[in-house]
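Undergrad: First the structure, then my questions, so here it is.
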Amino acid sequence: MNSPKIIDYRVLQEWRPNDLTASVLNFIKEGWQPIGGICVVVGDSRTNNVCLQSMVKYEKNRGSMDKIIE
């Protein structure tokens, strides 16, 4: 079986983990899927931490069940 083809890729960036969670959930509702784990870049005394999550969108695969339903 072939792997689904990725058709779009985004990296979400938020300053707080709770905000990243909300952004990821919103993207999931729009058909995106997280890929890999989150990344937290720890800042120093002059910069803030940043939370990142990669998101992908796969092409819609018309499988055998679609043919049965139609």
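Please treat every number below as a calculation from the coordinates, not as lab data. The structure displayed is predicted, hence computed values, not measured ones. Neighbour counts are summed over all protein chains in view; Cβ atoms, including those assigned to glycine, are modelled from backbone coordinates with ideal geometry.
Undergrad: Sort 34-43, 2-11, 17-26, 49-58 by the packing proxy (mean of other Cβ within 10 Å over each peptide's residues), most packed first.
TA: Put in order of decreasing packing, that is 49-58, 17-26, 34-43, 2-11.
Undergrad: Principal axis lengths of segment 1-63 from Cα atoms, whole Å, largest first?
TA: Between the extreme Cα coordinates on each principal axis of segment 1-63 lie 52, 20, 14 Å.
Undergrad: Further, regarding this structure: What FRET efficiency comes out for Asp19 versus Val56 if R0 is 35 angstrom and r is the Cβ-Cβ distance? Round to the nearest 0.05.
TA: Numbers: r = 20 Å, r/R0 = 0.58.
So the FRET efficiency works out to roughly 0.95.
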